[in-house]
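The values are calculated or read from the model by the stated rules, or taken from the named source; none is laboratory data. Because the structure is predicted, anything quoted here is derived from the model rather than measured. In this analysis, Cβ positions are derived from the backbone assuming ideal geometry, glycine residues included, and neighbour counts consider all displayed protein chains. All accessible areas refer to the heavy atoms of the entire protein, side chains included, with ligands and DNA or RNA removed. Shrake-Rupley method; radii C 1.70, N 1.55, O 1.52, S 1.80 Å.
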Amino acid sequence: MKVLIQNLQKKKSLATHLQNQYNPDLMLLQEINLPSESLGTKLAHFTSMNGYGTAIYFSGELKEVQKVKSPHAEIGGFIYKKTTIATTIAGEVEVQCISFHGYNGQPFQSIDKLVAHVQTVLSLLSSSTSKPIIFAGDFNTWTNEHVNAVTNIMDKAGLQLLYSWPYPGREVPLDHVFGRGVDLRKVVGVLENEADHLGVLLDLEVKKR
């Protein structure tokens with residue numbers, strides 16, 4: 001399965017451009033500018049009134065869509081980071097996919113509130129260990145302590161860190177992909193475009209159980 005993960009920074013039509021250029025099976029997108037995109041009905045999303053938020057694109061069927069708001073507002077009290085969950089079918093195997101944009105909390109960058117956000121999403125995922133999961137996106141892990149806290153809570157839920165990729169100018173990555181019942185076969189490429197984040201194109205193998 002070719003999986004593309006990208007924080008789009010609200011750039012117009014960027015998701016459509018990436019889909020046309022790379023033809024991925026699955027895209028897990030953050031900060032989409034939904035009104036500018038042309039991805040048709042193969043898109044599940046959780047966006048604001050202005051059309052900004054997270055989205056999942058899949059070349060096949062999307063079902064069991066869930067929309068999850070962070071339990072904590074960003075500084076100022078008005079903005080809540082959004083997460084989209086949906087189930088896809090890879091071959092004959094159902095895969096639960098999560099496009100995650102983590103609690104930021106600038107300038108304080110609370111680890112506890114980020115962990116609470118991750119836990120809120122984890123509580124809604126399939127408890128069946130036979131159902132593969134791909135959980136990816138911009139986690140806003142500003143320090144190694146953030147990364148370790150998120151990795152630990154994921155590990156307790158049975159999800160392993162598959163890959164992290166850099167944010168330009170920072171030593172600690174913000175973007176990660178975790179999985180259960182999924183193996184990383186190949187990093188096809190790290191993607192540079194007009195967004196501030198780098199994207200990534202991965203070849204993932206979904207295990208049959």
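Pairs are defined by a Cβ separation below 7 Å, a sequence spacing of at least 6 or placement on different chains, a first member in region 170-199 that is over 18 Å from residue 121 (Cα atoms), and a second member that is in a strand (DSSP E or B) and among the aromatic types (Phe, Trp, Tyr); the pairs so defined are 173/165; 184/163; 187/163; 190/165; 198/165.
Can you find a residue that is within 27 Å of residue 205 (Cβ to Cβ), open to solvent by 40 Å² or more (accessible area, probe 1.4 Å) and not polar (S, T, N, Q) anywhere in region 21-36? Yes, that holds for at least one residue.
Which of the residues spanning region 37-52 are within 16 Å of residue 135 (Cα to Cα) and open to solvent by 10 Å² or more (accessible area, probe 1.4 Å)?
Quick first cut of region 37-52, residues within 16 Å of residue 135 (Cα to Cα) only: 44-46.
Within region 37-52, 45, 46 meet the criteria.
Selection within region 130-158: residues that are crowded, with 21+ Cβ neighbours inside 10 Å and among the β-branched types (Val, Ile, Thr). The member of this set that is farthest from residue 171 (Cα to Cα) is 133. Of the listed requirements (1) modelled with pLDDT of 95 or more; (2) open to solvent by 40 Å² or more (accessible area, probe 1.4 Å); (3) out of contact with any strand residue (DSSP E or B) (no Cβ under 8 Å at 6 or more places or on another chain), residue 186 misses just one: (3).
Tell me, which strands (runs of 3 or more DSSP E) lie completely within region 1-104 with 2 or more residues that are over 21 Å from residue 141 (Cβ atoms) and not aliphatic (A, V, I, L, M)? I'd like the intermediate steps shown before the answer.
On the way: elements: 2-7, 26-33, 43-47, 52-58, 63-69, 82-90, 93-101.
The strands (runs of 3 or more DSSP E) meeting that bar are 43-47, 52-58, 63-69, 82-90, 93-101.
Can you tell me which of 18, 62 is open to solvent by less than 20 Å² (accessible area, probe 1.4 Å) and either touching a residue at least 40 places away in the same chain (Cβ under 8 Å) or under 21 Å from residue 203 (Cα atoms) (or both)? I'd like the intermediate steps shown before the answer.
Numbers: 62 fails: open to solvent by less than 20 Å² (accessible area, probe 1.4 Å).
Answer to the check: 18.
Here is the figure for region 67-101: residues that are touching a residue at least 40 places away in the same chain (Cβ under 8 Å) and among the small types (Gly, Ala, Ser) total 5. In summary, residue 77 fulfils each of the numbered conditions (1) touching an Asp or Glu at 6+ places or on another chain (Cβ under 8 Å); (2) surrounded by fewer than 22 Cβ atoms within 10 Å (Cβ to Cβ); (3) at pLDDT below 95 with the single exception of condition (1).
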